[in-house]
Every structure is written in C-alpha cells, then in structure tokens.
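Student: I'd like to ask some things about the structure below.
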Protein chains: 2
Amino acid sequence: MPLKNTGTEQHIKDTAKRLLFAEGKLHATTQEIADAAGVNRTALHYYFRSRDQLIAAIFQEAMQDLSQRLNECMTADQPFKAKTENIIAVFLRHMIAFPYQETFLVTEINTLGKKLITNIQSGPVKSYLEEAADEMKKGTIEKMHPAHFLMNLFSLLSYPLIMAPLYQKLFQVSGKDFKELVNERAKIIINLLFKNQ
Amino acid sequence: MPLKNTGTEQHIKDTAKRLLFAEGKLHATTQEIADAAGVNRTALHYYFRSRDQLIAAIFQEAMQDLSQRLNECMTADQPFKAKTENIIAVFLRHMIAFPYQETFLVTEINTLGKKLITNIQSGPVKSYLEEAADEMKKGTIEKMHPAHFLMNLFSLLSYPLIMAPLYQKLFQVSGKDFKELVNERAKIIINLLFKNQ
DNA sequence: TTTTTGTTAGACAAAATTGTTAAAATAAAA
DNA sequence: TTTTATTTTAACAATTTTGTCTAACAAAAA
C-alpha cells in the first residue's frame with residue numbers, strides 16, 4: 001500500500017484556497033476549481049468526496065495556520081507593545097495574501113462556520129486581553145473594556161484590506177498607491193492604539 | 001392603466017433585503033425569498049424578471065439609501081467633530097440593522113459590484129477628507145494621509161458588527177452583553193480618533 | 001354585464017451544478 | 001514482466017435552481 005502521493009491533493013487544496021480566499025471567488029464551482037488546478041473534476045471527488053468536504057478541508061487548514069501563528073504571537077515572551085507589533089505584522093501579511101478568508105468565514109458561518117468556530121482557542125486571547133488590561137492600568141493605552149482594544153486592533157488591520165476595491169474607487173488611487181497606504185498601516189495602527197508618551 | 005399596486009413588489013424587495021443583508025443568507029434562492037415573503041415564486045419573476053435583477057434592485061436601493069444619508073452627514077454645516085459623531089451614529093445604526101450588506105458588496109463585487117461602485121459619489125467624501133486635513137493642521141487629530149483617517153473611522157465602525165458572531169465566541173459573551181459593547185463603540189471611536197485636549 | 005388590465009398560481013422546460021460508476025492509464029513492487 | 005494498488009479520465013445520472021408558458025383570478029372601466 002504505497003501511496004503514490006503525486007501532490008495532486010495538496011495542489012487542489014492550494015488552488016481552491018487561492019480562488020476562494022485570495023481572488024474572492026467565493027461561489028467557485030467544482031468545475032472552476034478543477035480547471036484552475038488543471039485536473040479533471042472527478043479528481044476533486046476522488047480526493048474529497050464532495051465539494052462541501054473540500055471546502056471544509058481548506059477552510060480548516062487555513063484557520064489552523066492563522067490561529068496557530070496568532071497564538072504563537074500572543075503567548076510569546078515579549079513586552080506588550082512589541083508583541084502587538086508582531087501580531088500586526090503577521091496578520092497584515094496574512095490579510096494581504098488572503099483578503100477574502102474572513103469574508104468567507106462570515107458568509108458561511110451558518111453552515112460550516114458554527115462547527116469550526118467552536119474549536120477556536122480562546123486561551124491565548126484571554127491572556128493577551130489580561131496583558132492589555134495591565135497596560136491600561138499602567139496608562140500606556142487608553143482605559144476601556146479589553147474586548148474593545150482587540151476589536152479596534154483587528155478592525156484597523158482587516159477592514160481596509162477587505163474593502164480594498166471599494167476604497168481604491170473612493171479615494172481614486174491606483175493599486176500601487178493603495179499598496180503604499182497599506183504599508184503605512186502598521187505604524188498608523190500602533191500610533192492610534194498606544195499613547196505616545 | 002391603473003396599477004393596482006398591492007405593495008407586493010416593495011414587500012418582496014424588503015423581504016429580500018432582510019434575508020440577504022440582515023440575516024446574512026447571501027445565497028438565498030428565489031424559492032426561499034418567495035417563501036419568506038409569502039408569495040408564489042412566479043411573483044418574483046413577474047416583478048423583477050430574474051433573480052439577478054431582483055438582487056440588483058435591492059442592492060442599488062440599499063446603497064442609494066446609505067450613501068445619501070452619509071453624503072448628507074458629510075456635507076452638513078457643522079464643526080468637524082460633531083459631523084463625525086453624526087456619521088458614526090448614522091452608520092452604526094445602519095450596520096446594526098443590515099450587518100451583512102457590506103459583506104455582500106465585497107463578495108459580489110466581481111459581478112454586480114463593479115457597475116454599482118462606479119456611481120458612488122466621491123465628491124462629499126473628498127470635501128470631508130479636506131476638512132480632516134484641516135483638523136490635522138490644527139492638531140485636533142493625528143497627522144496622517146486623510147485616507148487613513150477615513151479608513152480608521154469605517155474600520156472601527158463596521159468590522160466589529162460584521163464579525164459579531166465570531167467575537168461573541170471569542171470573548172465568550174452573550175448576545176446581550178455584546179450589544180452593550182456595541183453601544184459603547186461610538187464613544188470609544190471618538191476618543192480614539194480625536195486627541196483629547 | 002362585459003371587457004380590459006393587472007396580478008397570481010400551477011405545471012412544465014431549461015440550465016447549471018453536483019455526484020456516481022466503470023474503465024483506462026500509471027507507476028511501484030513482486 | 002507481470003501483478004497490484006493507486007490515480008486519472010470519460011460518460012452518465014441525479015439534483016437543485018432558475019426561467020417560461022398558459023390559464024385562472026380580481027378589480028376597475030366601458
């Protein structure tokens with residue numbers, strides 16, 4: 001029973017991730033995914049049995065990746081501000097590569113989502129929130145419910161990238177100029193969240 | 001040629017809006033919409049000819065509504081901070097009622113979106129951005145590219161509501177508690193965006 | 001009342017999409 | 001080289017969803 005493992009299975013998953021999470025084709029059909037991967041549509045069923053299971057597989061994989069990296073950041077042995085800068089860098093990089101992943105999560109939350117959300121670890125988040133509360137006492141960040149601090153952070157990180165096409169129109173800037181704006185975000189966000197002493 | 005106008009057409013549109021933009025059933029079928037509206041599916045085709053045209057109609061109507069209200073806020077004869085507080089109030093109210101509308105825009109941007117985005121008025125936004133630039137000179141808000149200011153504003157407003165189901169899980173709070181958090185947002189956002197002198 | 005116009009309903013057709021089956025191709029192991 | 005298990009393909013079937021057609025129904029106008 002030697003599995004040949006030609007890499008087709010992973011290739012299909014990677015292609016599906018690109019289509020769905022990077023290019024935003026959230027309703028891509030099995031045919032479209034197969035075509036993009038350069039395989040016969042039946043291969044999708046051979047490896048994943050059904051479209052739903054393929055989707056579930058790539059989503060789980062992507063969430064695993066992301067939440068693991070974030071958890072590493074959050075539990076790292078670092079001062080709070082440096083830690084936050086690191087989270088920003090990691091998350092921004094992810095959002096630039098896969099801007100539609102969160103949107104997918106939200107739109108599919110009623111079907112796939114509910115199950116997958118349940119196994120999100122809230123431990124690392126909790127300890128990060130406690131550190132934030134400490135900082136508020138120290139006065140390095142504004143006093144508020146720690147949940148607000150985290151919502152602010154993720155909002156400022158995610159939303160501009162989710163809405164990129166809209167904002168490019170609204171601000172009448174080119175894709176290149178918008179990229180520059182995005183590159184400035186890390187600094188802007190830190191300045192906004194932390195009191196400059 | 002007296003149109004009976006039993007209100008069915010608007011009723012179908014309102015139901016579709018509720019399903020898609022409020023409840024987040026972004027792939028609702030014509031059958032589901034018809035059922036929810038309590039009409040025969042044929043009525044949808046009678047009034048709108050096709051599913052696509054129904055969707056286009058409700059989306060255009062919703063965007064018109066929102067952008068008109070925002071434009072009114074942005075061009076109102078008010079000091080900048082009061083104006084911004086007003087934008088926050090209007091936009092928050094809208095996001096609470098129709099949290100999925102923006103998500104829909106993003107996911108459908110490749111099909112319907114592109115056409116509809118083109119007729120977004122950038123005039124009022126431009127003048128609001130100029131006012132923001134003035135405030136930066138005055139020093140009431142942090143100096144940055146004005147686009148960042150607007151992105152910050154909309155990010156802080158929209159994202160927590162888009163991600164509501166996720167955050168409730170992450171913070172382990174009840175729906176009621178989360179509502180309270182949302183009610184605090186307006187104040188939090190103003191505090192974050194404006195330097196407290 | 002009859003006619004006209006507008007609205008609703010049921011049955012049917014077409015299209016798009018997913019899923020299944022069986023056979024051919026491929027590559028490693030015996 | 002033959003065997004064996006795995007991978008890929010083509011043809012077909014089932015399902016879901018959308019769209020059309022025709023007839024029934026309701027209400028205002030002639």
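The values are calculated or read from the model by the stated rules, or taken from the named source; none is laboratory data. Quick caveat, the model's predicted, so the values are computed rather than measured. Here the Cβ is made from the backbone with ideal geometry for all residues, glycine too, and neighbour counts use every protein chain on show. Heads up: the accessible areas ignore ligands, DNA and RNA and are worked out on the full protein's heavy atoms, side chains in. Shrake-Rupley method; radii C 1.70, N 1.55, O 1.52, S 1.80 Å.
Student: Can you give the FRET efficiency to the nearest 0.05 for A:E72 and A:N191, using r as the Cβ-Cβ distance and R₀ = 30 Å?
Tutor: 0.75
Student: Largest first, how would A:K13, A:K176 line up by accessible area (1.4 Å probe)?
Tutor: In descending accessible area the options line up as A:K176, A:K13.
Student: Right, here's the next one. How far, in nm, would the chain grow between A:N183 and A:Q10 when pulled straight, counting 0.36 nm per residue and subtracting the alpha carbon separation?
Tutor: Answer, rounded to one decimal: 59.2 nm.
Student: Summing +1 for each Lys or Arg and -1 for each Asp or Glu, what net charge is found among the other residues whose Cβ lies under 13 Å from the Cβ of B:P146?
Tutor: -3
Student: Excluding B:T30 itself, what net charge comes from residues whose Cβ is under 13 Å from its Cβ, given Lys and Arg +1 and Asp and Glu -1?
Tutor: +1
Student: Rule-of-thumb check for segment A:8-193: C-alpha Rg over 2.2 N^0.38 Å?
Tutor: Ratio of Cα Rg to 2.2 N^0.38 Å: 1.16.
Student: Not counting ligands, DNA or RNA, and with a 1.4 Å probe, what is A:R93's accessible surface area in Å² rounded to the nearest 10?
Tutor: Approximately 150 Å² for this residue.
Student: Provide the solvent-accessible area of A:F149, counting protein heavy atoms only and rolling a 1.4 Å probe, rounded to the nearest 10 Å².
Tutor: Probe radius 1.4 Å; accessible area of A:F149 about 0 Å².
Student: What accessible area, in Å² to the nearest ten, does a 1.4 Å probe give for B:E72?
Tutor: 110 Å²
Student: Expressed as a rounded percentage, what relative contact order does segment B:60-193 have, with Cα pairs under 8 Å and six or more residues apart?
Tutor: Numbers: 71 pairs, mean separation 36.6, N = 134.
Value for segment B:60-193: 27 percent.
Student: To continue, here is another question. Between A:F80 and A:K169, take the C-beta separation as r, use R0 = 45 Å, and let me know the FRET efficiency to the nearest 0.05.
Tutor: On the way: r = 37 Å, r/R0 = 0.83.
Taking R0 as 45 Å, the efficiency between A:F80 and A:K169 is 0.75.
Student: To one decimal in nm, how far is B:E32 from the same spot in the other copies, if labels go 7 Å from Cα toward Cβ? Please give the shortest first.
Tutor: Nearest first, the other copies' label points are 1.7 nm away.
Student: Moving to a separate point now. Could you check how much of the accessible area of chain A is carbon and sulfur, as a whole percent, using a 1.4 Å probe?
Tutor: Carbon and sulfur together cover 52 percent of it.
Student: Determine the total buried accessible area between chain A and chain B, counting protein heavy atoms only with a 1.4 Å probe; round to the nearest 100 Å².
Tutor: Buried: approximately 4600 Å² between B and A.
Student: Suppose every Lys and Arg Cβ carries +1 and every Asp and Glu Cβ carries -1, with no other charges. What dipole size does the protein assembly as shown come out with about its Cα centre, to the nearest 20 debye?
Tutor: My answer is approximately 140 debye.
Student: Would you mind classifying the protein assembly as shown by shape? Square roots of the alpha carbon gyration tensor eigenvalues, ordered a ≥ b ≥ c; an a/c under 1.5 is rounded, otherwise it is prolate if a/b is larger than b/c and oblate if not.
Tutor: oblate
Student: Tell me which of A:L161, A:F91, A:L150 sits at the most positive position along the dipole axis of segment A:42-197, charges placed on C-beta atoms (Lys, Arg +1; Asp, Glu -1).
Tutor: A:L161
Student: I'd like to check one number: the per residue accessible area of chain B, probe 1.4 Å, reported in Å² as a whole number.
Tutor: Heavy-atom SASA per residue in chain B reads 51 Å².
Student: From the protein chains alone at 1.4 Å, what is the descending order of accessible area for A:H94, B:H11, largest first?
Tutor: Values: A:H94 10, B:H11 80 Å².
Largest accessible area first, the list is B:H11, A:H94.
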